[in-house]
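Q: Next up is a structure, given as structure tokens.
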Amino acid sequence: MKKTRFHFLVAAVLFSTVSCSDTFDTSFFDKEIEDPEIPISGIPIGYVNYTATQLFEELNEDLTVATGTDDIITFSYSQTLDGGQNTDFVNVEDQTFNGNFNLLEDSGLIGQAPYSLGLVPDDKVEDSFKDIQTLTLDSDLTAADFSSGTFTITLETTTEAQTEIIFTIPSFKRKDPNEPGLIENPEYPGSYCRKFILNNNSGSDEFTIPVDLNRYDFDFTYTNIENDPDTKGGFNNIAVQLDATVTFETGDLVSSDDKLTYTIALENPIVNTAEGDFKKSGFNVSSQSFDMDFFNEIGEGSLIFEEPILKLSATNEYGFPIGIKLEGISTDATSNNILEINAPGIDPSDNIAENTDTAAAGDYYAMIAAGSNTAVSSEITLNSNNSNLAALLNEKPTQFILNVAGTSNPNSTTTNNNFFNISNTMSVNVDVELPLHVTFDDVTFNPDPIKLDLGDDIQDNAKRLSLRVATKNTIPFNGTINMDFVDENENVLFSKTIQAIVAAPVGTDGFSIYNLDNNNNLIDTTNNSVINAHVPMNGNDFAVTFNESEIKLLSDAVNVNLSIVFDTDSNGDGTATAVKVKSTDQVRIDLALKGDLKLSKN
């Protein structure tokens, strides 16, 4: 069972009642009760002193309690969104394109007939055929490199004459300049270029060869190779050139309509790197959620965080900006559970922009910047000025849900110069910071019950007991403990309430105006002693009293069910106000015991 510091205070009440005839053992306490230093009414038990940080660390063992600006206590929660599942972000589907040419159109031959030597000069015809093919893609690619896949070239001719083809693809650049089986085309040095010979007096012929895509870099910018020089500036284009030499022999059946056909088939292409304009494409971001442990401890009451912050700290290795759609952020509260952006409150440094890519009003992007093949960091800040974040938290959600989606080139209206690498990643650290600039209005925490095993001899030690409590406090909230003593059937035997902390007043800045000096004297901001802030050792409001009948019932009690109620009525006028809690704010609680007791001589 997890023990809070309020468990320890309650334990002081209980162990005091049963330890009157024995030495008082404080080993149960996380922080031992110290020996008393000041004279108090009754039998002095001692005192305990702890800071506001220690108090809230005990509310939940998984809660991260840190300090922020001005030493204000801050609760923080973190989660990471992964944008690494985008290896196929730039995708090239299987596709096939082809072209055909009239191989002998300019040969002077007419009709179809067996060839006779001398019909054309040197019994040979040469021609060059150039073509630009366009890939069907979602992006406008200017360059790419494939990690796997093939392109398969098929050549076919309908003539019987021997046909030699120098097949050049200027768009395909060899990674290995000495790749076996290839030749050099002086017009396009370094490009794919291969010699093919089709038939030799054998009728129509076809030749097919597969080629690994990963042996080439791809230039998709050619727009025209008919002119000299070639023109570029395009995208998704593949330039093809076929230089054909047809050599005739007697008897070859030839026709002025004979065709040369080529086919290039891309199969299973996997993009490794790519450049171009990736336009507005969906970008995968992992969905995550995280528990708000602090709110798991809260029961009834109103809680207002005045300055909550949700930060998205993104590291983007991709060569394109990414917009995270903020409408995917929500909580598990039953109402008021969707994040909404308040446009007038957006500061340019918040990196939040209205989503102009959709017609839906109220949609906003978290804008994640990009570099040129280098990691770039961006920080997006959501707060009570630019969103309803405070209102979401006021509903006391127990879970934050990050079901977000991404878009490349958000809000872009021009051509984009993007880069992609399959090994790139994008990560987003999500940090929720809840500075304790808060308003508590009867906010209730319900710690684990305290187990009891007091036995019957308690009735022999006391007839009436009263634990007296006095505090010196610089924390600007009140704390009241409600205790239900229950039997094994969860029946409430009796209940007790004690005000354990009395709020220190605050200044106009929201901070407590009290401090404890080195001598544990309570002083104000002018270093004057504050006598009346030490709650006196009298009055039922600051005591727990057990009468004889309740002491008898204690032997049947097996658990003490606790509820701890906080409020920030720091001015004592019944109105909860916003206060700021520092990590160094602290409270000292002095304990004394009074009643009809049986004391041992020890």
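Q: What does the extension gain come out to for E184 and T134, with contour length at 0.36 nm per residue minus their alpha carbon separation?
A: Between E184 and T134, full extension yields an extra 15.5 nm.
Q: Per 0.36 nm of contour for each residue apart, how much would the distance between Q85 and N482 grow if the chain were fully extended, relative to their Cα-Cα spacing?
A: Separation in residues times 0.36 nm, less the Cα-Cα distance, equals 137.8 nm.
Q: Set the Förster distance to 45 Å, then compute FRET efficiency between D71 and S495 from the Cβ-Cβ distance, nearest 0.05.
A: 0.75
Q: Can you tell me the order of 380-390, 260-270 when each peptide is scored by its average per-residue count of other Cβ atoms within 10 angstrom, highest first?
A: 380-390, 260-270
Q: So for each of 467-477, 514-524, 156-166 I average, over its residues, the number of other beta carbons within 10 Å; can you give me the resulting order with the highest mean first?
A: Going by the mean number of other Cβ atoms within 10 Å, highest first, we get 467-477, 156-166, 514-524.
Q: Return the carbon/sulfur percentage of the accessible area of the range 275-433, one whole number, probe 1.4 Å, all protein chains in place.
A: Here carbon and sulfur together make up 43 percent of the probe-accessible area.
Q: For N411, what charge total do you get from the other residues with a beta carbon under 10 Å from its beta carbon, if Lys and Arg give +1 and Asp and Glu give -1?
A: After counting each charged neighbour, the total is -1.
Q: I would also like to ask the following. Which links in K463/K580; K280/K396; K451/K580; K311/K580; K232/K259; K451/K594 stretch past 32 Å when you go from one Cα to the other?
A: Those over the limit are K463/K580; K280/K396; K451/K580.
Q: In units of 2.2 N^0.38 Å, what is the alpha-carbon radius of gyration of the range 85-212?
A: The reported ratio for this selection is 1.32.
Q: Which of the peptides 346-353, 273-280 is most tightly packed, and how do the rest follow, judged by the mean count of other Cβ atoms within 10 Å per residue?
A: Output ranking for 346-353, 273-280: 273-280, 346-353.
Q: Just to confirm a number: summing +1 for Lys and Arg and -1 for Asp and Glu over residues other than G301 whose beta-carbon lies under 10 angstrom from that of G301, what do you get?
A: Once all neighbours under 10 Å are counted, the net charge is -3.
Q: Related question: Taking the Kirkwood radius as the inverse of the mean 1/r across Cα pairs, report the Rg/Rh of the range 199-307.
A: Rounded to two decimals, Rg/Rh equals 1.39.
Q: Could you please state, rounded to a whole Å, how far the C-alpha centre of the range 265-281 is from the C-alpha centre of the range 113-166?
A: Computed from Cα coordinates, the inter-centre distance equals 25 Å.
Q: Multiply the residue gap between I197 and E226 by 0.36 nm, knock off their C-alpha separation, and tell me the result in nm, one decimal place.
A: Additional length available on full extension: 8.0 nm.
Q: Could you tell me the relative contact order of the range 69-187? Use alpha-carbon pairs under 8 Å, at least six residues apart, and round to a whole percent.
A: RCO, the range 69-187: 23 percent.
Q: Can you list the HN-Hα couplings for the range 380-391, worked out from phi with the Karplus curve (6.51, -1.76, 1.60; θ = phi - 60°), rounded to whole Hz and with x for Gly and Pro?
A: Per-residue couplings from phi come out as 10, 10, 10, 8, 6, 7, 9, 7, 9, 4, 4, 5 Hz.
The values are calculated or read from the model by the stated rules, or taken from the named source; none is laboratory data. A quick note: this is a predicted structure, and the numbers were derived from the prediction, not measured. Cβ: placed from backbone, ideal geometry, glycine included. Neighbour counts: every protein chain shown. Keep in mind that these areas ignore ligands, DNA and RNA; they rest on the heavy atoms of the full protein, side chains included. Shrake-Rupley method; radii C 1.70, N 1.55, O 1.52, S 1.80 Å.
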